[in-house]
Amino acid sequence: MNKIYANAEEAIKDIEDGAVLMLGGFGLCGIPENCITALVKKGTKNLTCISNNAGVDDFGIGLMLQTRQVKKMISSYVGENAEFERQLLSGELEVELIPQGTLATRCLAAGYGMPAIFTPAGVGTEVAIGKETRNFNGKDYLMEYAFDADFALVKAWKGDAAGNLIFKDTARNFNPLMAMAGKITIAEVEELVPSGELDPNFIHTPGIYIHRIFQGSGYEKRIEQKTVRKRL
Amino acid sequence: MLDKNGIAKRIAKEIKDGYYVNLGIGIPTLCANYIPDGINVVLQSENGLLGMGPFPLEGEESPDLINAGKQTVTMLPGSSIFDSAMSFGMIRAQKVHLTILGAMEVSENGDIANWKIPGKMVKGMGGAMDLVASAKNIIVAMQHVNREGESKLLPQCELPLTGIRCVKKIVTELAVLDVLPNGGGFKLLERAPGVSVAEIIAKTKGKLVVDGDVPEMEI
């Protein structure tokens, strides 16, 4: 059972037009940079992308928006991307905005083999329109379905040949959830090591969820909002 | 009248020892600078961090360590990192004691609108809908009136709602107000320095309850 691929181009080769993708990351933190670059190069079209954000104009998923590869975005916050807003207002891009916790928990449900979850987020708002509502202990909850994605593209700090992953700091975010949720999960890692080199006690995502893994290269890891204190 | 830092300073007085607190973007973030001395508070950032510290020193920022506003931050001793589902899990299960966030409108029954202006702004709700649907204690930090001079404290919200019957307290540049249960309206608790009750009445469109003398706030 070899899960190791040479690079992103090889790992995403069979992603076809019209696929439903999950992409890990929060803002530009922990995004699968190599897979995005490879998808832009491959030119795969009509993609549905489930991702908390849509990148910025010239980085992250923003790169796939520039090349009009995305048909639909499912996200919680898309405020950092002018091209996104333009395509949305002109009707070129379909967008479904959903609460961030709902997005995370719909991934979790998929990875845990549960068809749906109940959440109070969005009760009484336009998010609730058309959704089944149940009352538990006097409080209303919306039923939200588990996601059904063809591929999950995630980024980790370290990974091993068995597909086990460790994430770094807040670059963890949606990555372990989406890793569990994809029918096929592709992990790109900053450092790929042989099986046995990662301590099993500190694995965040067990390798059973990872179908393909490769060591990424040329990470830019762009900072969206650099905020610092001056040295005195 | 208070400036943004003044609003943050007044809200920070509501933060108690042992609290886990989620701070929204804007004025709420400033509250971290005014947490009273001698109390132990843990800040939660919904992208997956407990124990958030101040901004890093120049040159020590890391692309892997940001807050929910995508700003580079640091971790204090005792911090922990988790995924986004656990982050909203601890919010939904009310392990986080206090949520402080901004708003465009609040209604007299505690409804809040802060995520969308139809035809103008379509950025998304982020984690705001999850936070307001679950938090036990929600304090709103906002200006009393909008740029057109219209009251943001209304009988009913006009903008698309973020959550219903959830806001407990509001701090503006003019006043501190409680949202009374069962649609009882806004109860005026404190005036900002130099602000009259008459001005607060004039700038509050929703039902306002003024009971006896209203003290000036101490900040």
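Under the condition of being facing chain B (nearest Cβ under 10 Å) and assigned to a strand (DSSP E or B), the residues counted in the range A:158-189 number 0. Determine the pairs where a residue that is in contact (Cβ under 8 Å) with a residue 24 or more places away in the chain and under 15 Å from B:Leu65 (Cβ atoms), located within the range B:35-53, has a partner that is polar (S, T, N, Q) and assigned to a loop (DSSP other than H, G, I, E, B) with Cβ atoms under 7 Å apart, the partner being 6 or more residues away or on another chain. Pairs that qualify, where the first residue is in contact (Cβ under 8 Å) with a residue 24 or more places away in the chain and under 15 Å from B:Leu65 (Cβ atoms) and the partner is polar (S, T, N, Q) and assigned to a loop (DSSP other than H, G, I, E, B), are B:Ser45/B:Asn67; B:Asn47/A:Asn173; B:Asn47/B:Asn67; B:Gly48/A:Asn173; B:Met52/B:Asn67.
Go through the range B:62-117 and count every residue that is of a type in the set (A, V, I, L, M) and over 19 Å from B:Ile138 (Cα atoms).
Of all residues in the range B:62-117, those of a type in the set (A, V, I, L, M) come to B:65-66, B:68, B:73, B:75-76, B:81, B:85-86, B:90-91, B:93, B:96, B:98, B:100-101, B:103-104, B:106, B:112-113, B:117.
Next, only the ones that are over 19 Å from B:Ile138 (Cα atoms) stay: B:65-66, B:73, B:75-76, B:81, B:85-86, B:117.
Count: 9.
Taking the range A:203-232, which residues are away from chain B (no Cβ under 12 Å) and either among the charged types (D, E, K, R) or exposed (fewer than 15 other Cβ atoms within 10 Å of the Cβ) (or both)? Please lay out each step first, then the result.
From the range A:203-232, those away from chain B (no Cβ under 12 Å) are A:203, A:206-218; that's our starting set.
Correct list: A:Ile208, A:Arg212, A:Ser217, A:Gly218.
A:Ser195 passes every criterion in (1) in a strand (DSSP E or B); (2) open to solvent by 10 Å² or more (accessible area, probe 1.4 Å) apart from (1).
Does at least one position in the range B:84-94 carry a residue that is open to solvent by less than 20 Å² (accessible area, probe 1.4 Å), within 10 Å of another protein chain (Cβ to nearest Cβ), more than 20 Å from A:Asn53 (Cα to Cα) and not in a loop (DSSP other than H, G, I, E, B)?
Taking the range B:84-94 as the starting set, the residues that turn out to be open to solvent by less than 20 Å² (accessible area, probe 1.4 Å) are B:84-85, B:87-88, B:91.
Subsequent filtering for residues that are within 10 Å of another protein chain (Cβ to nearest Cβ) retains B:84-85, B:87-88, B:91.
Now drop any that are not more than 20 Å from A:Asn53 (Cα to Cα), which leaves B:91.
Remaining after also requiring not in a loop (DSSP other than H, G, I, E, B): B:91.
Yes, there is a match, as at least one residue in the range B:84-94 is open to solvent by less than 20 Å² (accessible area, probe 1.4 Å), within 10 Å of another protein chain (Cβ to nearest Cβ), more than 20 Å from A:Asn53 (Cα to Cα) and not in a loop (DSSP other than H, G, I, E, B).
Determine, yes or no, whether A:Ala110 is within 10 Å of another protein chain (Cβ to nearest Cβ), at pLDDT 95 or above and assigned to a helix (DSSP H, G or I). Outline the logic, then answer.
Working: within 10 Å of another protein chain (Cβ to nearest Cβ): no; at pLDDT 95 or above: yes; assigned to a helix (DSSP H, G or I): yes.
So A:Ala110 does not fit the description; no.
In this structure, A:Thr67 qualifies as open to solvent by 10 Å² or more (accessible area, probe 1.4 Å), touching a helix residue (DSSP H, G or I) at 6+ places or on another chain (Cβ under 9 Å) and modelled with pLDDT of 95 or more.
The set of residues from the range A:42-64 being among the hydroxyl-bearing types (Ser, Thr, Tyr), open to solvent by 10 Å² or more (accessible area, probe 1.4 Å) and either without any contact (Cβ under 8 Å) to a residue 12 or more places away in the chain or under 19 Å from A:Ala171 (Cβ atoms) (or both) is empty. Would you pick out the residues in the range B:190-212 that are in contact with a strand residue (DSSP E or B) (Cβ under 8 Å, 6 or more places away or on another chain), open to solvent by less than 60 Å² (accessible area, probe 1.4 Å) and not in a loop (DSSP other than H, G, I, E, B)? Result: B:Glu190, B:Arg191, B:Val197, B:Ile200, B:Leu208, B:Val209. Residue count for the range B:58-97 satisfying the condition of being closer than 17 Å to A:Cys29 by Cα and in contact (Cβ under 8 Å) with a residue 40 or more places away in the chain: 3.
The values are calculated or read from the model by the stated rules, or taken from the named source; none is laboratory data. The structure presented is a predicted model; accordingly, all values stated were derived computationally and were not measured. Cβ sites come from the backbone with ideal geometry, for glycine too, and all protein chains shown count toward neighbours. Protein only, heavy atoms only, side chains kept; ligands, DNA and RNA dropped before computing areas. Shrake-Rupley method; radii C 1.70, N 1.55, O 1.52, S 1.80 Å.
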